[in-house]
Every structure is written in C-alpha cells, then in structure tokens.
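The values are calculated or read from the model by the stated rules, or taken from the named source; none is laboratory data. This one's a predicted model, so the numbers in the text were calculated from it and none came from an experiment. All Cβ positions, glycine included, derive from the backbone under ideal geometry; neighbour counts span all protein chains shown. What goes into the accessible areas is simple: the full protein's heavy atoms, side chains included, and nothing from ligands, DNA or RNA. Shrake-Rupley method; radii C 1.70, N 1.55, O 1.52, S 1.80 Å.
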Amino acid sequence: MRVVSGIQPTGNLHLGNYLGAIKQWVAMQDAMAPGDDCLFFLADLHALTGTVEPRALAANTIEMAATLLAAGIDPDRAILFNQARVKAHSELAWILGGTARIGWLNRMTQWKDKAGKNREGASVGLFTYPVLQAADVLAYNATHVPVGDDQKQHLELARDIATKFNTDYAVDLFTLPEPFISKAAPRVMSLRDGAAKMSKSDPSDMSRINLVDDDDLIVQKLRKAKTDPEPLPADATGLAERPEARNLVTIYAALADESVDAVLARYAGQGFGAFKPALADLAVATLSPIRERLTRLLDDRADVANVLDRGAARARDLAAPTLKAAQEAVGLLI
Ligand code: TYM
C-alpha cells in the first residue's frame with residue numbers, strides 16, 4: 001500500500017479538513033504494514049495558484065506541518081514534506097501536461113467554481129492545478145489517496161491521465177490511484193448553511209471550526225450553528241431533508257467513531273438544546289489536545305523545518321525512479 005495525500009498551506013485547518021482527510025491519514029499511518037509507505041505533504045506549489053503572500057506562505061507551511069504533527073502524523077512512520085522541495089512533482093507535472101487534455105481540465109468543477117465568470121483573468125496555474133495534483137500521486141505510484149469528497153474529480157482525472165500516458169507510450173508505468181474517501185465525513189458542511197461545504201474561504205468564521213479555535217469559541221460556534229426546531233429522529237432516514245441537523249449529527253458520529261444511527265439511538269426525540277452541548281464537549285475533547293500539542297510544537301519551528309527536510313529527502317528517493325521512467329518513456333533521456 002502506498003498512501004499519498006496533500007493539503008494546501010493556505011491558512012488554518014478546519015474540522016472539515018480534519019474529519020474528511022487528516023483523521024484518515026493518521027488511521028492509515030497507524031495501520032501501516034511492513035513495506036507500506038505513507039506520504040503526506042503541504043501543497044505549497046498548489047498554493048501559488050491563488051493570491052500569494054510570500055511571508056504568509058512560508059509561515060503557513062510550517063504551521064500546517066506542525067498541525068499535522070499535532071493531529072497525530074508521526075514523522076518516524078509517515079513521510080511529511082513540502083511539495084516544493086521535491087522537484088519531481090513539478091517535472092512530472094510538465095511531462096503530464098503533454099498528456100492531459102484541455103477538455104478534461106475544462107470540466108473540473110473546482111476550476112469552474114474558483115475561476116467563476118473571470119476565466120480570462122484566472123491564473124494558468126489554477127487551470128492546470130489538477131495536472132500537478134496528478135503528478136503528486138503518480139510520482140509515487142500511490143495506491144490509496146485519502147481525501148474529502150471534493151477531491152474525487154481531481155483523482156479521477158489523475159487516473160485518466162495515467163491511463164492515457166500508459167497507453168500512448170505503451171508502458172506499464174503509472175499505477176491507477178484509488179481515491180479513499182472518508183465514509184464518516186466525506187463532506188463536512190458549513191455551520192451556517194447546510195448546503196455549503198465547510199471551507200477556509202468562507203468569509204464567515206462562524207461557518208467553520210478551526211483547529212486553533214479555543215474551547216470557548218468552539219462551544220460558541222456550535223451553540224450558534226444553524227439548526228431546525230424539530231427533535232432528532234430515530235434514524236438517519238429522518239435526517240434526509242434536514243441538512244443542518246444531518247451535518248451536526250454526522251460531525252458527532254465522525255468525532256466519536258460511531259455510526260449516525262448509533263448517535264441517533266441515544267438522542268432520538270431530544271432537541272438541539274441537549275444535543276449541541278454534547279457535541280461541543282466532544283469537539284473540545286478532540287481538538288483541545290491537538291491545539292495544546294500544536295502550541296508546544298510551534299515553540300520550535302526549526303524542529304518542524306527539520307522534519308520537513310528529512311521527509312523531502314525520503315520523498316525524493318521514492319519519486320526518482322518513476323520520474324526517470326517517465327522521462328525515458330517520452331524520450332527525454334539521451
Ligand atoms: P485542501 O487543502 O482544500 O483540503 C485538504 C483535504 O481536506 C479535505 N476537505 C474536506 N473534507 C470534508 N469536508 C470538508 N468540508 C472539507 N474541506 C476540505 C479535502 O478533500 C482534502 O482531502 N487539491 C487538494 C490538495 C492536494 C492533494 C494532492 C490532495 C494537492 N495535491 C494530491 C490529494 C492528493 C486541496 O486543495 O485540498
């Protein structure tokens with residue numbers, strides 16, 4: 001098993017990132033068998049496709065690496081690095097740019113959402129973003145890519161690129177990566193709007209729980225989370241038309257490692273006046289130890305930078321043979 005996944009270092013991590021991705025990363029790292037590898041990276045090259053604030057990018061990269069360590073990524077078992085330090089990502093992305101088709105990229109919903117009506121003014125990097133993402137996973141012949149539901153389309157594209165490359169150059173080079181999407185929390189929704197994804201770009205901070213929020217703020221955000229006046233139903237089918245209620249119960253179940261039905265069996269018939277404080281207790285119990293470890297880790301940023309250095313060296317070794325084989329396949333090696 002070769003597990004690979006990344007996260008953009010563009011500000012605070014939130015509960016959606018934690019439940020949709022990072023919790024799976026830690027679980028997969030913990031379940032690793034001999035011969036397996038887990039590679040997790042800060043996608044700093046991807047962050048260049050949006051507005052770049054150089055000082056903030058460097059600081060965010062260290063802070064988010066520290067957050068991953070605080071959340072349970074163990075650098076002795078998993079390989080943790082920042083993408084920019086492993087040149088194979090960019091080099092392979094350029095090669096794969098010859099294989100990916102404009103029509104495929106035009107269909108990417110993230111591109112359509114982020115570029116909006118201003119396609120002509122969007123960066124070229126934003127458009128070719130999924131090609132770099134394909135290189136991220138194909139460089140390591142990833143078998144499993146743990147991500148939230150919003151990244152599924154990008155991984156399907158990575159599979160299409162891999163298949164076309166293998167076919168066009170008559171090689172059996174790239175492994176087709178499987179998206180591994182959290183069953184418990186594939187898409188954590190905003191606390192203010194059950195139809196919108198919890199996201200760091202939402203202008204309302206009340207819409208998300210950041211991993212750095214203090215206990216009082218977590219309690220306050222959950223108390224103010226949008227809900228409906230009905231009591232909780234007896235099972236998941238009763239949440240079908242209640243997106244905000246469904247979101248809060250899903251968050252509870254994912255935090256507690258329980259099924260939605262098991263949570264509802266305990267809270268059926270009760271209102272949010274009882275459920276929200278229980279959810280807040282659970283969220284605080286999960287997040288406050290992470291926040292405390294993060295504070296300690298950030299006392300020694302040089303140590304975090306060293307972890308990234310070591311991780312990049314290991315990642316470079318793993319990516320080198322695939323990059324070389326791709327260069328050979330297209331005729332770049334003389
Ligand atoms: P990013 O930085 O937006 O998010 C990191 C991870 O968090 C997941 N996620 C969510 N999951 C559930 N509910 C939510 N509300 C939610 N919001 C975010 C994302 O699905 C993701 O798994 N393009 C990627 C980074 C990337 C990458 C890669 C991922 C670059 N190269 C290669 C996998 C493999 C991104 O911007 O994720």
Find the residue count for region 1-46, including only residues that are assigned to a loop (DSSP other than H, G, I, E, B) and hydrophobic (A, V, I, L, M, F, W, C).
-> 6
Breaking point among (1) under 13 Å from the mean Cα position of the chain (by Cα); (2) of a type in the set (Gly, Ala, Ser); (3) closer than 19 Å to Leu308 by Cβ, for Gly20 | (3)
For region 66-73, indicate whether the set of residues that are touching a strand residue (DSSP E or B) at 6+ places or on another chain (Cβ under 8 Å) and surrounded by fewer than 16 Cβ atoms within 10 Å (Cβ to Cβ) is non-empty.
-> no
Candidate set: region 192-205, residues that are open to solvent by less than 50 Å² (accessible area, probe 1.4 Å) and over 19 Å from the mean Cα position of the chain (by Cα); chosen: the one nearest to Gln24 (Cα to Cα) = Gly194
Is there a residue being outside any loop (DSSP other than H, G, I, E, B) and surrounded by fewer than 16 Cβ atoms within 10 Å (Cβ to Cβ) anywhere in region 269-276?
-> yes
Residue in region 54-73 that is basic (Lys, Arg), more than 15 Å from the ligand (Cβ to nearest atom) and in a loop (DSSP other than H, G, I, E, B) present = no
Residue list for region 292-315, restricted to those being outside any helix (DSSP H, G or I) and either of a type in the set (Phe, Trp, Tyr) or open to solvent by less than 80 Å² (accessible area, probe 1.4 Å) (or both) = Leu298, Asp300
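Every residue, every condition in (1) modelled with pLDDT under 95; (2) under 30 Å from Ala58 (Cβ atoms); (3) out of contact with any helix residue (DSSP H, G or I) (no Cβ under 9 Å at 6 or more places or on another chain); (4) open to solvent by 40 Å² or more (accessible area, probe 1.4 Å), yes or no:
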residue: Glu258; (1), (2), (3), (4): no, no, no, yes
residue: Asp261; (1), (2), (3), (4): no, no, no, yes
residue: Ala265; (1), (2), (3), (4): no, no, yes, yes
residue: Asp317; (1), (2), (3), (4): no, yes, yes, yes
residue: Ile334; (1), (2), (3), (4): yes, no, yes, yes
Got a number for residues in region 108-163 being open to solvent by 40 Å² or more (accessible area, probe 1.4 Å) and either near the ligand (Cβ under 8 Å from one of its atoms) or part of a strand (DSSP E or B) (or both)?
-> 3
Kindly indicate whether any position in region 203-214 is away from the ligand (no atom under 16 Å from the Cβ), in the same structural domain as Val263 (by TED's automatic domain parsing), of a type in the set (D, E, K, R) and free of Cβ contacts under 8 Å to residues at least 40 places away in the same chain.
-> no
Please tell me if Pro289 is part of a helix (DSSP H, G or I), within 29 Å of Thr67 (Cβ to Cβ) and within 21 Å of the chain's Cα centre (by Cα).
-> yes
Is at least one residue of region 46-53 open to solvent by 30 Å² or more (accessible area, probe 1.4 Å), within 15 Å of the chain's Cα centre (by Cα) and within 14 Å of the ligand (Cβ to nearest atom)?
-> no
Answer from Ala283, Ala240 - the residue that is on the phi < 0 side of the Ramachandran plot and modelled with pLDDT under 95 = Ala240
For region 236-243, state whether one or more residues are open to solvent by 40 Å² or more (accessible area, probe 1.4 Å), away from the ligand (no atom under 11 Å from the Cβ), closer than 16 Å to Leu287 by Cβ and not in a loop (DSSP other than H, G, I, E, B).
-> no
Kindly list, by first and then second residue, each pair from a residue in region 173-192 that is among the acidic types (Asp, Glu) to a residue that is open to solvent by 30 Å² or more (accessible area, probe 1.4 Å), limited to pairs with Cβ atoms under 6 Å and residues at least 6 apart or on different chains.
-> Glu178/His144
May I ask you to list the residues in region 164-188 that are open to solvent by 60 Å² or more (accessible area, probe 1.4 Å) and within 24 Å of the chain's Cα centre (by Cα)?
-> Leu176, Glu178, Phe180, Lys183, Arg187
